[in-house]
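Comments concern the structure below.
The values are calculated or read from the model by the stated rules, or taken from the named source; none is laboratory data. Since the model is a prediction, treat every value here as computed from it, not as a measurement. What goes into the accessible areas is simple: the full protein's heavy atoms, side chains included, and nothing from ligands, DNA or RNA. Shrake-Rupley method; radii C 1.70, N 1.55, O 1.52, S 1.80 Å.
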Amino acid sequence: MDDLERRHDDAPPRGVLRTALLDGTDRHTALACAAVFRLHDRLAAEARRGAAQRRRTLPADQTAGDAWLSRLTAALTHHRNAASILFLAGA
């Protein structure tokens with residue numbers, strides 16, 4: 001850490017500082033991937049709850065053409081796929 005501070009006149013760059021505090025780039029990358037995985041997991045859960053709530057409020061014959069429900073379904077699909085890719089990559 002002292003060596004890092006000696007190489008910079010001002011404060012060290014945040015990315016370099018985080019890497020130094022986390023004992024290397026591997027741990028920094030693993031923690032960043034885990035954080036992104038948790039974010040996609042949370043956003044997928046929110047989209048799933050929102051879609052379920054929207055389906056409950058709509059009559060059955062209007063669910064197929066509802067734009068808001070389509071957006072929620074697309075968001076759910078995106079976040080599930082992103083979380084699945086991160087999970088398979090080992091996050």
Quiz item: Roughly how many Å² is the accessible area per residue of segment 40-91, as a whole number, for a 1.4 Å probe?
Solution: 71
Exercise. Work out, step by step, the length gained on full extension between Ala89 and Leu22: first 0.36 nm times the residue separation, then minus their alpha carbon distance; give nm to one decimal.
Key: 22.0 nm
Exercise. Measure off, as a whole percent, the carbon and sulfur share of the 1.4 Å-probe accessible area of segment 28-91, all protein chains present.
Key: 60
